[in-house]
């Protein structure tokens, strides 16, 4: 965590899209002072210890709550919140225990859950006044959140820098000489510009043929350029994985029809904030489905700083038939890499 004062907690399956957008807006206003959930925990770190440390270091804790925040279950059908080591439960419990300012943020038309349905250690979350963010008024709603954060953190945009109080000095009496020098400089500049334009015109006439000849070369180079819309960010590795209590687990290319949730994991090269990642599931050779038929397309997900890898939880509750499928991964709107898997 980089001197974070604001901690954003969320469930990826419930509010990942909104979490990324809210993070981007808050980080633009409070650069370097916003930390987003467990994605900022280094590999190999004890996540329980890190959550305690990082939530404890923040001044404001934001909990994004969607319509399935309190009801999402694991592959065994057990509600996530009922797991003592559930990330969200640990984060909320730590914030409540440390007396940190908590702001619930409701999205997707969600309402605050009933405290009686939550584990005892996080039930008091429902007593915190919530802010609702709607799609129709997203900018205004986030601005309300920013103003509240400014108040809590003791920061304001404020007016521009004050004008200097130093009195103006009197103009020199030899203004006529300064005027003549200025006119001379102006005439010199105008003359130089005219000369440059004349020489440029002559040069353009001589190089028209060369320029036209080069157009075909440039066009051919463009046609042979890589498909990736952003040469710096691309999918370095892609694979499918089974579910492990809400996280990608064992890598595999074969799933059973009884599997409830699977994941497509995309490891990015030179990951950076603002990269748009989209996953598209298509049928390849599946009973009753057309080849290349699109099954599911997830909305563009905008990454935040150093978020890598990016993964897509895919529910098999859609009763996908046995057969072969393909996941296409788009980076910034351009198809980058694909992977195949089989359901048997």
Exactly one of (1) touching a residue at least 12 places away in the same chain (Cβ under 8 Å); (2) under 27 Å from the mean Cα position of the chain (by Cα) is unmet by residue 127. Its number?
(2)
Residues that are part of a loop (DSSP other than H, G, I, E, B) and surrounded by 13 or more Cβ atoms within 10 Å (Cβ to Cβ), drawn from the range 275-292
275, 289
All strands (runs of 3 or more DSSP E) inside the range 305-344 with 3 or more residues being at pLDDT 90 or above and assigned by TED's automatic domain parsing to the domain that holds residue 254:
323-331, 334-343
Take the residues in the range 242-274 that are at pLDDT below 80 and more than 25 Å from the chain's Cα centre (by Cα); name whichever of them is farthest from residue 335 (Cα to Cα).
258
Quick one: count up the residues across the range 297-315 that are surrounded by fewer than 16 Cβ atoms within 10 Å (Cβ to Cβ) and in contact with a helix residue (DSSP H, G or I) (Cβ under 7 Å, 6 or more places away or on another chain).
1
On the basis of being under 22 Å from the mean Cα position of the chain (by Cα), buried (at least 21 other Cβ atoms within 10 Å of the Cβ) and closer than 19 Å to residue 19 by Cβ, does residue 63 make the cut?
yes
Test residue 149 against the criterion of being at negative phi, at pLDDT 75 or above and either in the same structural domain as residue 109 (by TED's automatic domain parsing) or within 22 Å of the chain's Cα centre (by Cα) (or both), and give yes or no.
yes
Of the residues in the range 70-85, those that are under 18 Å from residue 242 (Cα atoms) and part of a loop (DSSP other than H, G, I, E, B) come to 72, 74, 75, 76, 77, 78
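The values are calculated or read from the model by the stated rules, or taken from the named source; none is laboratory data. Only a predicted model underlies this, so the values are computations on that prediction, with no experimental measurement involved. Reconstructed Cβ throughout: ideal geometry from the backbone, glycine too, with neighbour counts over all protein chains shown.
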